[in-house]
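Single-structure report; data block below.
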Amino acid sequence: ATLGKMPLGYKILNSFFQSVTLRTAGFSTVPQGNLREVTAFISCLFMFIGGSPMGTAGGVKTTTIFALFLNIHNSIRNKKNSVIFSRSFSSDRLQKASAIVIVSLSLSLILTALLALSDGIPILDSMFEIFSATGTVGLSRSITPYLHPIGKMIVILGMYAGRIGPVSMVVLFHTKKAEVSAVTPAHGKFYIG
């Protein structure tokens, strides 16, 4: 019901277009409601990642995900410095990347659960609508017009959060300056994983 009956050339062209539109465009050449579940889930991942920085694309950005995977790679290899293309990533950039992904994913999953609860729609449809909203993509599985007003407000909240950015909102509302303590706490042994 999407690409199946198209000639091969159109299938390839529409596949490329779908991967681009999931980043920010919001145009669709195939009905998003007809996507298979696995395709809709992968689409959510694309919408969550979004485009590259310095543009109008939404999502957490490709470089943020790259920094996160670089940090994971270095942790597995037990490397202290994160270096790529003869340039080092500072630890504060890696921490910011982790914070952006965790806050954005948490917000998206909370809004997904709220939308599924408020309207009783399948979790994957709810996830698609919210990830599209927080990624400022504009795609829908054709359920948004039929949402309860509370569901529509949840989607609108997701759009605002996605446009402003969850970390930017936290910084905006947390205006207190960082405190510098004169006392340095002892190092603790915290077991991770």
Conditions (1) part of a strand (DSSP E or B); (2) closer than 23 Å to Ser19 by Cβ: number failed by Gly162
(1)
Checked pairs for the stretch 1-20, first closer than 26 Å to Phe48 by Cα, second open to solvent by less than 70 Å² (accessible area, probe 1.4 Å) and of a type in the set (A, V, I, L, M), C-beta under 6 Å and 6 or more apart or across chains, list as Thr2/Val30; Lys11/Leu3; Asn14/Leu3
On the basis of being small (Gly, Ala, Ser) and open to solvent by 50 Å² or more (accessible area, probe 1.4 Å), does Ser28 make the cut?
yes
Residue check, Thr2 β-branched (Val, Ile, Thr) and open to solvent by 50 Å² or more (accessible area, probe 1.4 Å):
no
Examine the stretch 76-86 for a residue that is buried (at least 18 other Cβ atoms within 10 Å of the Cβ) and over 22 Å from Thr134 (Cα atoms), and state whether such a residue exists.
yes
Could you give me the residue pairs with C-beta distances under 7 Å whose first residue belongs to the stretch 128-145 and is touching a residue at least 60 places away in the same chain (Cβ under 8 Å) and assigned to a helix (DSSP H, G or I), whose second residue is among the polar types (S, T, N, Q) and open to solvent by less than 10 Å² (accessible area, probe 1.4 Å) wherever it lies, and which are 6+ apart or on separate chains?
Phe128/Ser43; Phe131/Ser108; Thr134/Ser108
Scanning the stretch 29-57 for residues that are farther than 16 Å from Phe17 by Cα and aromatic (Phe, Trp, Tyr), the one nearest to the chain's Cα centre (by Cα) turns out to be Phe48
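The values are calculated or read from the model by the stated rules, or taken from the named source; none is laboratory data. These figures come from a predicted structure and were not determined experimentally. Counting neighbours? That spans all protein chains shown, and the Cβs are built from the backbone with ideal geometry, glycine included. Note: accessible area is taken over every heavy atom of the protein model, side chains too, but ligands, DNA and RNA are not part of it. Shrake-Rupley method; radii C 1.70, N 1.55, O 1.52, S 1.80 Å.
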